[in-house]
Amino acid sequence: CKGCWTALGKGGDGDEGMMGVAGTPILTGPLPQERGGNNSFTHEALTLKYKLDNQFELVFVVGFQKILTLTYVDKLIDDVHKEFRDKYRNEFQQKGALGLLNGTFDFKDDFMRLLRDAEESSKVRAPTVMKTFQQSVKSQKTVKCMIETRGEKPKEKVKNKKNKGSKKDGTEAVAAPSKASAGDKQLSAAGDKEELTKDEILQKKREEFFRRHMKAGEKSRSPKPDAQKEKGKKPRVWDLGNSNAKVLDYSNSATNGSAEACPVEEFDPDMALGDKNREPGRLYDLEYESDDEAEEEKVVQNPSKPSVKKGGLGGMFGMLKGLVGSKSLTREDMDPVLEKMKDHLIAKNVAAEIAVQLCESVAKKLEGKVMGTFTTVTSTVKQALQEALVQILQPQRRVDVLRDVMDAQRHRRPYVVTFCGVNGVGKSTNLAKISFWLIENGFSVLIAACDTFRAGAVEQLRTHTRRLNALHPPESHGGRTMVQLYEKGYGKDAAGIAMEAISYARNQGFDVVLVDTAGRMQDNAPLMTALAKLIAVNAPDLVLFVGEALVGNEAVDQLVKFNKALADHSMAQTPRLIDGIVLTKFDTIDDKVGAAISMTYITSKPIVFVGTGQTYCDLRSLNAKAVVAALMKA
């Protein structure tokens, strides 16, 4: 069968072996996890496509070489599924799939017939023969009818205008005699124009143009004022500003590693910290309130509210409406619910493509499942979708920054974190929040100012460093400065500055190096090459992509192109890609939290930190249940 084979076996968890059409085991091991409706799996030179039958717990698998372009594979597996299911339906209902697992199936002839039909249907159709010129419509036209003289209108359009004029004759017949006289004057004027030659018409139009131009010039003339305004622009002086530019110049006031570079700044610590009752060094989870708790509160608040009855048995039938009484779910049952769920996800800022794939995955998971007596289709689909969303937000590998920092301490080296992302998402602000969290956990931080492009980027980090030193002065840590800034000004090579900062941190005994990079758009090839160079040269322990929660479809494009650029522009055989995500501006979106789903779905990487405000304490860890509860909220 040209490198193609099918298999069947027990579904469920997918840990059992599978049998060929003759009943011999041909494949063992777990099935690849289905993600977003993708039912194919590629391993080296082979590709597997599979289809699940949830009702009888069967798995149909097609395997073929990856280099073959078999267009009939999907049709073949669907036909085999339908034929095999119909042929052995009674036996499965009596004995079940486990009872027939060790038996044999006389299905070889049927399979070969279905394979031949699939191959016949996929044969390329003969190309359509192009028409000759004599068969075309253009050949029936004469040359004379295709010639258009300049200024002459086509005959068809003239006819249409005549028809339109004839329709309006009935309504215009009741016109006043004064209008008729005006029309006669216009007609006579039009007749005079037709009698004039082209040169006379041109001369007449020139005279009219000069006459109008002269009238406009006379109107615009006005007497000049006696006092002329002073030339030049005066600088604006702000009420709370300072006219002395030297006071605002911070360019030469910093030397790396010195205490004078970051003098202690006096300010209100409550404004920078926010919550006074917080536990120092603790990263709180996102808070959420599920729909069930909200419904319970409503019931407690309104215990005496009478129930509305529609009269007779209508209330009972209305309560039982939508129940699926012990029958298998079909695609037709789920389509209306899935369509509403897809629109709901898109309205909550989930990327449209990902919402479609999620609903498709849920449909394949539930198709053929036997439901309970008192279970609605809506509740079943919603529960399955919630489980899928929680599974997406809980990645396989969890990033524990504090554990990794302590591991780097044992090896006597700094732990390096690089922040990257597009413009204006909050990289520097959230870098300062993470610095504050690390300092409260007892780790010293060196901030590397590698954003040498944006004006004010170094000054912003210097201000954060002064405030962090004011909150955690050296006196509180045995004379040790907990946070310092390493910067070389603007217009320098970011990769070189990061390398020098890591070397400086190793010599001075810093625990963590946080590398701030310039914001860049994902389709800017030179800047993405520079970022890939910085990551390849310095080999940071953690690469964090900073993205804002306000975006929807744009989040998918950003992450895909950032990962692709890091892979394309890296010289290593195994390039470093994004390790985790920092989701910012989470306090501005209410319950439209779909960007979290979009980002984790595309990269399969965890959301390490969530920014929820403007103070240093507004940093949270992701709670998958909180995000899903907000996402499913109506």
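The values are calculated or read from the model by the stated rules, or taken from the named source; none is laboratory data. Worth saying up front: this structure is predicted, and the values here are computed from it rather than measured. Glycine also receives a Cβ, built like all others from the backbone with ideal geometry; neighbour counts cover every protein chain displayed. SASA here: full protein model, heavy atoms, side chains in, ligands and nucleic acids out. Shrake-Rupley method; radii C 1.70, N 1.55, O 1.52, S 1.80 Å.
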Requested in this report: Could you grab me the full set of residues in the range 472-489 that are over 18 Å from ASP511 (Cα atoms) and either without any contact (Cβ under 8 Å) to a residue 60 or more places away in the chain or open to solvent by 30 Å² or more (accessible area, probe 1.4 Å) (or both)?
Outcome: GLU475, LYS488
Requested in this report: Look through the range 581-605, keep the residues that are buried (at least 21 other Cβ atoms within 10 Å of the Cβ) and touching a Pro at 6+ places or on another chain (Cβ under 8 Å), and return whichever of them is farthest from GLN391 (Cα to Cα).
Outcome: ILE581
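Yes/no matrix, rows are residues, columns are (1) at pLDDT 90 or above; (2) outside any strand (DSSP E or B); (3) over 20 Å from the mean Cα position of the chain (by Cα); (4) within 21 Å of ALA498 (Cα to Cα):
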| position | (1), (2), (3), (4) |
| --- | --- |
| MET528 | no, yes, no, yes |
| LEU534 | yes, yes, yes, yes |
| VAL546 | yes, no, no, yes |
| GLN558 | no, yes, no, no |
| ASP591 | no, yes, no, no |
| MET599 | no, yes, no, no |
| ILE602 | no, yes, no, no |
| VAL608 | yes, no, no, no |
| ALA629 | no, yes, no, no |
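How many residues does the range 343-361 hold that are open to solvent by 50 Å² or more (accessible area, probe 1.4 Å) and closer than 19 Å to VAL377 by Cα?
Just the residues of the range 343-361 that are open to solvent by 50 Å² or more (accessible area, probe 1.4 Å), to begin with: 343, 346-347, 353, 356-357, 360.
Next cut, closer than 19 Å to VAL377 by Cα only: 343, 356, 360.
Qualifying residue count, the range 343-361: 3.
Please list, ordered by residue number, the strands (runs of 3 or more DSSP E) wholly in the range 27-113 having 3 or more residues that are open to solvent by less than 50 Å² (accessible area, probe 1.4 Å) and at pLDDT 80 or above.
Working: elements: 40-43, 46-53, 58-65.
Counting at least 3 such residues, we get 46-53, 58-65.
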Query raised in the report: Could you say whether any residue in the range 336-354 is under 30 Å from GLN93 (Cα atoms) and aliphatic (A, V, I, L, M)?
Result: yes
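Those residues that are part of a loop (DSSP other than H, G, I, E, B), touching a Leu at 6+ places or on another chain (Cβ under 8 Å) and closer than 30 Å to GLN558 by Cα, I need them from the range 474-524; list them, please. Don't jump to the end; show me each part of the working.
Keep residues of the range 474-524 that are part of a loop (DSSP other than H, G, I, E, B), which gives 478-482, 487-493, 509-511, 517-524.
Keeping just the survivors that are touching a Leu at 6+ places or on another chain (Cβ under 8 Å) gives 482, 487, 510-511, 517-518, 520-521.
Correct list: GLU487, THR517, ALA518, ARG520, MET521.
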Query - Of the criteria (1) part of a loop (DSSP other than H, G, I, E, B); (2) surrounded by fewer than 18 Cβ atoms within 10 Å (Cβ to Cβ), which one LYS625 fails - result: (1)
Query raised in the report: So which pairs qualify, if the first residue must be in the range 407-421 and over 13 Å from PHE510 (Cα atoms), the second must be open to solvent by 10 Å² or more (accessible area, probe 1.4 Å), the Cβ gap must be under 6 Å, and the two must be at least 6 apart or on different chains?
Result: PHE419/LYS427; GLY421/LYS427
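Rundown of residues vs (1) touching a residue at least 60 places away in the same chain (Cβ under 8 Å); (2) within 25 Å of ARG576 (Cα to Cα), yes/no style:
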{"position": "LEU431", "(1), (2)": "yes, yes"}
{"position": "LEU446", "(1), (2)": "yes, yes"}
{"position": "HIS464", "(1), (2)": "no, no"}
{"position": "ALA470", "(1), (2)": "yes, no"}
{"position": "ASP493", "(1), (2)": "no, yes"}
{"position": "ALA501", "(1), (2)": "no, yes"}
{"position": "GLY509", "(1), (2)": "yes, no"}
{"position": "ALA532", "(1), (2)": "no, yes"}
